[in-house]
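Worksheet: one structure, shown below.
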There are 2 protein chains.
Amino acid sequence: MSLSAEVICVGTELLLGDILNTNAQFLAQQLAQLGIPHYYQTVVGDNPLRLKKVLAIACERSRLIILTGGLGPTPDDLTIETLADFFDVPLVEHPEILEDITQKYARRGRQMSPSNRKQALLPEGAEVLPNSSGSAPGVIWQPRTGLTILTFPGVPSEMQLMWQETAVPYLRQQGWGQEIIHSRMLKFWGIAESALAEKVAPFLDLSNPTVAPYANHGEVKLRIAARAESEAIARQLIEPVEHQLRQIGGLDYYGADEDSLASVVGEHLQTAHETLGTAESCTGGGLGQMLTSIPGSSNYFMGGVISYDNQAKISLLGVNAQDLAQHGAVSHTIAKQMAAGVRSRLGTTWGLSITGIAGPGGGTASKPVGLVYIGLAGPQDEIESYEYQFGSFRGRSWIQRISACTALDQLRRKLLTRSLLEDLAF
Amino acid sequence: MSLSAEVICVGTELLLGDILNTNAQFLAQQLAQLGIPHYYQTVVGDNPLRLKKVLAIACERSRLIILTGGLGPTPDDLTIETLADFFDVPLVEHPEILEDITQKYARRGRQMSPSNRKQALLPEGAEVLPNSSGSAPGVIWQPRTGLTILTFPGVPSEMQLMWQETAVPYLRQQGWGQEIIHSRMLKFWGIAESALAEKVAPFLDLSNPTVAPYANHGEVKLRIAARAESEAIARQLIEPVEHQLRQIGGLDYYGADEDSLASVVGEHLQTAHETLGTAESCTGGGLGQMLTSIPGSSNYFMGGVISYDNQAKISLLGVNAQDLAQHGAVSHTIAKQMAAGVRSRLGTTWGLSITGIAGPGGGTASKPVGLVYIGLAGPQDEIESYEYQFGSFRGRSWIQRISACTALDQLRRKLLTRSLLEDLAF
């Protein structure tokens, strides 16, 4: 049995999918930060028999068991009774808990109901884990040598406060979490997970720090996680690995941790005192939305046009009606005219455009769903356009999202390459 | 061993708290809807030894084991190998999977990397559970009599599609889920959860169907869930309750299930053969994005202007520069001019505008963060505007989202009231 922790979330509402298990994620993050290994999480309903089976399994493989849920006053809240029964000890009433609950109700102008009385019962030998914001206290209990049990209510805000106020100091004092885990997430765009994993393959075998790939929504990430006595030492372990991985990633690497494509583009523009305007067709405002999700984006993002209909392309962007008829709205020609049009109308340094077919309807043999053109007009009146085939199989909202991200990425690469060149200071 | 299902989510990222386990909630909801009992959920890392221990436990207590995660192409994706090892059968390469993956990569203009090859390996005797949107297929496998295993990738969109397309029909055909739960989600805007719950209080005590309130992101929902032998019978139980709840909800009720404010507005516009243009400041494209998330929105949404900077308000919408200086961009006057401006420039039936302060910066004592004006210009050249104080405490993206939804809701109420009047056919 290893010195590891295990999380058991008790609640039939979790098994019905009525609520999302945010408690499990919170505890997982906290245990990782404390450097306490944690290999299993279990969800079980408010059922004494099944909870006892889960406890039997957990006691065999973990030294710290953290339970959430089932501490309330209603008849289906059975965690404490079940624990006492499982370890075969009686329940003992704690007058100080009863007093505390009575006062909390009084402060809210309510009377404690008789059912709350059971919340003052704890297994013999267990200590109170105080709940400063709600009525149900938890327990800190060592029912056997080398086995610690902590219980929390299922309400996330109460659980989190109790964890921070009491559980963390207690665990530290008991010698848990001598080492912490610190991590950094590197983010890449324009490369598949498998291709990046192959490029960095030898790094995936490192043991401290570890490197692991993740992918979602077209973005690929590498998580570097170091285990050390302190965050400062962990950072020292991470730094050289991060440097190498960024080298390997090249232009595909775009940022770390809280960075997004929109925030990185924003930093480049702000540094260069440049501005941006957008012209969107198939993304319908999604590109503008990403840009303006960044606080302070008004410093560089002047605005844009959602030229969803062809008439809007003509009236708001000055796209040529003949070209529209000849090439179609989804074409290199129109992408370029949209980018140049918004740049000139808003007087911005850059104009960035997207026109494509998000589907599900509107595709043809020569212009299928998922065909997208991105246009970029720049400070020397240069205009470029790029063609993408995103395919139809992932659906409309995926195409819209990936198109907006890809447009941002094109501008990012342009700005990055330029700044790298400028750094040479010829 | 009962005829119940069990969910095992595989992924070290879950144990580190890097991601929230939305897959477990989705599967829990789905199993509840199918009426398949489900008593345990387990999370375990990408570790063959520990996964085997979890499998051993699951096989003892459940007849249907649903696994998510660990099907990717990287070396730490080990679910399939571990399953084959656990049940002591060899892995077999499926050429049709290899072909499918190759084609998917080709369609995106990429080459399959050698590491993807392992995704074509399945345990001997297992059938392919096709993945129409991603590369990793799952398996449908009965490694022993009376034990069924389903595997899914960890990517929620892929997993959900595979579940709906293949797993549900398979399970139904195998006789799982004799009694089903059918539910309907009624959606409301412009009323607080507590206020709605009080209005419908007696309904919350019903037993079949049950009625339960939910709230998130400013939206309030009532879930009506009926248990019955068939969906048809469940619908009969739900229908009269739904009718009453909609009566009580009045104009605050806007739709059910897949309906969104944007889709409902779209239906009204399409029915009336009318069109819409938008002018957005603080939402930066979020309103356009919501409208264009609806397939077919090009039938009524002509486009819009993201007039983030004041200059864009003047040049693209014809907002009066003097009024801007006098009243400020965040005002009734400018909201009205933006709505009228986009309506006249795009020649649409309706013009809808948003101008406000999303924060965190930019607020003043008289115009605090969270102050938002919505303008609506209509077919008889009528122009209205509305003021909202959304407060700053929930943050920028919340203000942006709630502003866009509120704008849609204003237009929805206008269109709904008109159509109710028209139904009278005076």
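Computed from the coordinates by the stated procedures, all read-outs in this text should not be read as laboratory data. Owing to the predicted nature of the structure, the values given are computational and were not obtained by experimental measurement. Here the Cβ positions follow ideal geometry from the backbone for every residue, glycine too, while neighbour counts run over all protein chains shown.
Here are the numbers:
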| item | result |
| --- | --- |
| Length-normalised contact order of chain B in % [C-alpha pairs under 8 Å, at least 6 apart] | 10 percent |
| Fewest-first sequence of B:10, B:330 by Cβ atoms within 10 Å of each Cβ | B:330, B:10 |
| Three-way shape label, the range B:5-173, alpha-carbon gyration tensor, a/c 1.5 | rounded |
| Whichever lysines have a C-alpha closer than 25 Å to that of residue A:367, once near sequence neighbours (fewer than 8 apart) are set aside | A:313, A:336, B:104 |
| Value of relative contact order over the range B:261-424, rounded to a whole percent, pairs C-alpha under 8 Å and six or more apart | 24 percent |
| Cα gyration tensor category, rounded, prolate or oblate, for the range B:5-79 with a/c compared to 1.5 | oblate |
| Per-residue ³J(HN,Hα) for the range A:28-40, Karplus 6.51 cos²θ - 1.76 cosθ + 1.60, θ = phi - 60°, Hz, x for Gly and Pro | 4, 4, 5, 5, 4, 5, 7, x, 8, x, 7, 10, 9 |
| Between the range B:195-222 and the range B:267-305, the Cα center-to-center distance that results, in Å | 31 Å |
| Within-12-Å neighbourhood charge of residue A:231 [Cβ basis; K, R +1; D, E -1] | +1 |
| Average beta-carbon neighbours from other chains, 10 Å sphere, peptide B:38-51 | 5 |
| Label spacing, shortest first and in nm, from residue B:256 to its equivalents in the remaining copies (7 angstrom along Cα→Cβ) | 5.2 |
| The range B:180-256 - charge dipole about Cα centre, Lys and Arg +1 at Cβ, Asp and Glu -1, debye rounded to 20 | 100 debye |
| For residue A:110, label point 7 Å along C-beta direction: distances to other copies, nm | 5.2 |
| Sum of side-chain charges, residue B:351 neighbourhood, beta-carbon under 12 Å (Lys, Arg +1; Asp, Glu -1) | -2 |
| Residue-averaged beta-carbon neighbours from other chains (10 angstrom radius) around A:109-119 | 0 |
| Peptide A:17-24, shielding by other chains (average Cβ, 10 Å cutoff) | 6 |
| For the range B:58-99 versus the range B:135-174, the gap between their alpha-carbon centres in whole angstrom | 12 Å |
| The range B:380-426 versus the range A:3-27: alpha-carbon centroid distance in Å | 38 Å |
| Normalised contact order of the range A:5-173, rounded percent, pairs of Cα under 8 Å and 6 or more residues apart | 22 percent |
| Label point 7 Å beyond Cα along the C-beta direction, distances from residue B:344 to other copies (nm, shortest first) | 2.4 |
| Per-residue Cβ neighbour rank within 10 angstrom, fewest leading, B:344, A:230, A:331, A:281 | A:230, B:344, A:331, A:281 |
| Least to most buried among A:135, B:419, B:135, A:4 (fewest other Cβ within 10 Å first) | B:419, A:4, A:135, B:135 |
